[in-house]
Amino acid sequence: MALFRITRRTPLPADEAWRRVTDWERHADHVPLTRITVAPPLPTRPGTVFTARTGVGRAAFADPMEVVVWEPPGAGRPGRCRMEKRGRVVTGWAGIEVRAHGTGSEVIWSEDLSVTGLPRLLDRPTALAGRLLFGRVIARLLAAG
(Lines give C-alpha, C1' and ligand atoms only; values in the text may rest on other atoms or scores of the structure.)
Protein backbone atom coordinates (compact mmCIF):
# COMPACT_ATOMS: atom_id res chain seq x y z
CA MET A 1 0.00 0.00 0.00
CA ALA A 2 1.12 3.55 -0.75
CA LEU A 3 1.10 5.66 2.41
CA PHE A 4 1.49 9.43 2.23
CA ARG A 5 0.81 12.48 4.38
CA ILE A 6 0.33 16.13 3.46
CA THR A 7 0.38 19.06 5.88
CA ARG A 8 -0.75 22.55 4.90
CA ARG A 9 -1.05 25.65 7.06
CA THR A 10 -3.58 28.35 6.24
CA PRO A 11 -4.65 31.68 7.70
CA LEU A 12 -8.24 30.37 7.64
CA PRO A 13 -9.85 29.48 10.97
CA ALA A 14 -10.23 25.74 11.56
CA ASP A 15 -13.98 25.66 10.91
CA GLU A 16 -13.60 27.35 7.50
CA ALA A 17 -10.62 25.16 6.51
CA TRP A 18 -12.70 22.11 7.52
CA ARG A 19 -15.68 23.28 5.46
CA ARG A 20 -13.48 23.70 2.39
CA VAL A 21 -11.54 20.44 2.55
CA THR A 22 -14.68 18.40 3.26
CA ASP A 23 -16.66 19.93 0.39
CA TRP A 24 -16.40 16.62 -1.48
CA GLU A 25 -17.88 17.75 -4.79
CA ARG A 26 -15.43 20.67 -5.03
CA HIS A 27 -12.50 18.23 -4.99
CA ALA A 28 -13.44 17.31 -8.56
CA ASP A 29 -12.83 20.93 -9.64
CA HIS A 30 -9.13 20.25 -9.12
CA VAL A 31 -8.73 16.67 -10.39
CA PRO A 32 -8.78 16.25 -14.18
CA LEU A 33 -11.51 14.08 -15.71
CA THR A 34 -13.20 13.55 -12.34
CA ARG A 35 -16.68 14.09 -11.00
CA ILE A 36 -17.92 13.35 -7.51
CA THR A 37 -21.35 12.32 -6.29
CA VAL A 38 -22.46 12.20 -2.65
CA ALA A 39 -25.15 9.99 -1.06
CA PRO A 40 -27.11 10.53 1.02
CA PRO A 41 -27.31 14.27 0.41
CA LEU A 42 -25.47 16.57 2.80
CA PRO A 43 -24.79 17.02 5.64
CA THR A 44 -21.89 14.58 5.79
CA ARG A 45 -22.02 12.04 8.61
CA PRO A 46 -20.80 8.48 9.24
CA GLY A 47 -22.28 6.36 6.48
CA THR A 48 -22.08 9.08 3.83
CA VAL A 49 -20.62 7.64 0.63
CA PHE A 50 -19.06 9.79 -2.03
CA THR A 51 -17.80 8.41 -5.28
CA ALA A 52 -15.09 9.94 -7.44
CA ARG A 53 -15.44 8.77 -11.02
CA THR A 54 -12.27 9.43 -12.99
CA GLY A 55 -11.57 8.89 -16.67
CA VAL A 56 -13.47 8.83 -19.92
CA GLY A 57 -15.81 6.14 -21.23
CA ARG A 58 -14.53 2.60 -20.74
CA ALA A 59 -11.27 3.93 -19.32
CA ALA A 60 -13.09 5.43 -16.31
CA PHE A 61 -13.22 3.90 -12.84
CA ALA A 62 -15.14 4.61 -9.64
CA ASP A 63 -13.46 5.29 -6.30
CA PRO A 64 -16.26 5.02 -3.68
CA MET A 65 -15.38 6.18 -0.17
CA GLU A 66 -17.46 5.80 2.98
CA VAL A 67 -17.14 8.26 5.85
CA VAL A 68 -16.59 6.21 9.00
CA VAL A 69 -15.48 9.01 11.36
CA TRP A 70 -16.94 12.53 11.25
CA GLU A 71 -15.96 14.95 14.03
CA PRO A 72 -15.96 18.62 12.92
CA PRO A 73 -13.62 20.95 14.81
CA GLY A 74 -14.98 22.85 17.77
CA ALA A 75 -14.47 23.94 21.36
CA GLY A 76 -10.69 23.70 21.18
CA ARG A 77 -10.59 20.23 19.60
CA PRO A 78 -9.43 19.34 16.10
CA GLY A 79 -11.75 18.08 13.39
CA ARG A 80 -11.27 14.49 12.22
CA CYS A 81 -12.67 12.57 9.30
CA ARG A 82 -11.79 9.08 8.12
CA MET A 83 -12.93 7.51 4.89
CA GLU A 84 -12.66 3.86 3.89
CA LYS A 85 -12.14 3.27 0.17
CA ARG A 86 -14.66 0.66 -0.98
CA GLY A 87 -13.85 0.32 -4.68
CA ARG A 88 -12.68 -2.53 -6.86
CA VAL A 89 -9.78 -0.51 -8.31
CA VAL A 90 -8.68 1.64 -5.36
CA THR A 91 -8.78 0.41 -1.75
CA GLY A 92 -7.38 1.70 1.53
CA TRP A 93 -8.30 4.71 3.65
CA ALA A 94 -7.91 8.47 3.87
CA GLY A 95 -8.01 10.74 6.89
CA ILE A 96 -8.30 14.47 7.39
CA GLU A 97 -7.42 16.38 10.52
CA VAL A 98 -7.94 20.14 10.87
CA ARG A 99 -6.65 21.89 13.95
CA ALA A 100 -6.26 25.49 15.06
CA HIS A 101 -2.72 26.76 14.61
CA GLY A 102 -1.97 30.27 15.84
CA THR A 103 -4.53 32.59 14.25
CA GLY A 104 -5.14 30.11 11.40
CA SER A 105 -5.22 26.36 11.10
CA GLU A 106 -3.33 23.31 9.94
CA VAL A 107 -4.75 20.63 7.65
CA ILE A 108 -3.28 17.13 7.66
CA TRP A 109 -4.33 14.68 4.93
CA SER A 110 -3.13 11.09 5.39
CA GLU A 111 -3.86 8.32 2.94
CA ASP A 112 -2.95 4.69 2.46
CA LEU A 113 -4.08 3.37 -0.88
CA SER A 114 -3.69 0.37 -3.05
CA VAL A 115 -4.43 0.16 -6.76
CA THR A 116 -5.60 -3.25 -7.97
CA GLY A 117 -3.06 -4.82 -10.31
CA LEU A 118 -0.15 -2.53 -9.39
CA PRO A 119 2.83 -4.41 -7.94
CA ARG A 120 4.24 -3.33 -4.56
CA LEU A 121 7.30 -2.14 -6.46
CA LEU A 122 5.17 0.86 -7.53
CA ASP A 123 4.04 1.84 -4.00
CA ARG A 124 6.62 4.64 -3.68
CA PRO A 125 5.82 6.26 -7.05
CA THR A 126 2.10 5.89 -6.29
CA ALA A 127 2.57 7.62 -2.92
CA LEU A 128 4.55 10.41 -4.60
CA ALA A 129 1.83 10.88 -7.22
CA GLY A 130 -0.83 10.93 -4.48
CA ARG A 131 1.13 13.46 -2.44
CA LEU A 132 1.50 15.74 -5.48
CA LEU A 133 -2.13 15.43 -6.60
CA PHE A 134 -3.77 15.79 -3.19
CA GLY A 135 -1.29 18.46 -2.12
CA ARG A 136 -2.45 20.53 -5.10
CA VAL A 137 -6.13 19.81 -4.40
CA ILE A 138 -5.84 20.82 -0.74
CA ALA A 139 -3.90 23.99 -1.59
CA ARG A 140 -6.54 25.01 -4.13
CA LEU A 141 -9.47 24.21 -1.85
CA LEU A 142 -7.94 26.30 0.92
CA ALA A 143 -7.25 29.18 -1.49
CA ALA A 144 -10.72 29.12 -3.10
CA GLY A 145 -13.50 31.26 -1.70
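The values are calculated or read from the model by the stated rules, or taken from the named source; none is laboratory data. Not measured: the values here are computed from a predicted model. Glycine gets a Cβ as well: all are built from the backbone with ideal geometry, and neighbour counts include every protein chain shown. Side chains are part of the model used for accessible areas, which takes the heavy atoms of the whole protein and leaves out ligands, DNA and RNA. Shrake-Rupley method; radii C 1.70, N 1.55, O 1.52, S 1.80 Å.
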- Note on the structure: Of (1) without any contact (Cβ under 8 Å) to a residue 12 or more places away in the chain; (2) acidic (Asp, Glu); (3) in contact with a Phe, Trp or Tyr (Cβ under 8 Å, 6 or more places away or on another chain), Glu71 fails just (3)
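This table checks each residue for (1) modelled with pLDDT under 95; (2) within 20 Å of Arg131 (Cβ to Cβ).
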site	(1), (2)
Phe4	no, yes
Asp29	yes, yes
Pro46	no, no
Pro72	no, no
Pro78	no, no
Cys81	no, yes
Glu97	no, yes
- Among the residues of the stretch 44-62, the number that are open to solvent by 50 Å² or more (accessible area, probe 1.4 Å), in a loop (DSSP other than H, G, I, E, B) and either within 23 Å of Arg19 (Cβ to Cβ) or touching a residue at least 24 places away in the same chain (Cβ under 8 Å) (or both) is 2
- Message: I need the full set of residues from the stretch 79-108 which are open to solvent by 10 Å² or more (accessible area, probe 1.4 Å), touching a residue at least 24 places away in the same chain (Cβ under 8 Å) and in contact with a Phe, Trp or Tyr (Cβ under 6 Å, 6 or more places away or on another chain), in order please.
- Response: Val89
- Query: Looking at the stretch 63-70, is at least one residue farther than 25 Å from Leu33 by Cβ, surrounded by fewer than 14 Cβ atoms within 10 Å (Cβ to Cβ) and touching a Gly at 6+ places or on another chain (Cβ under 9 Å)?
  - Reply: yes
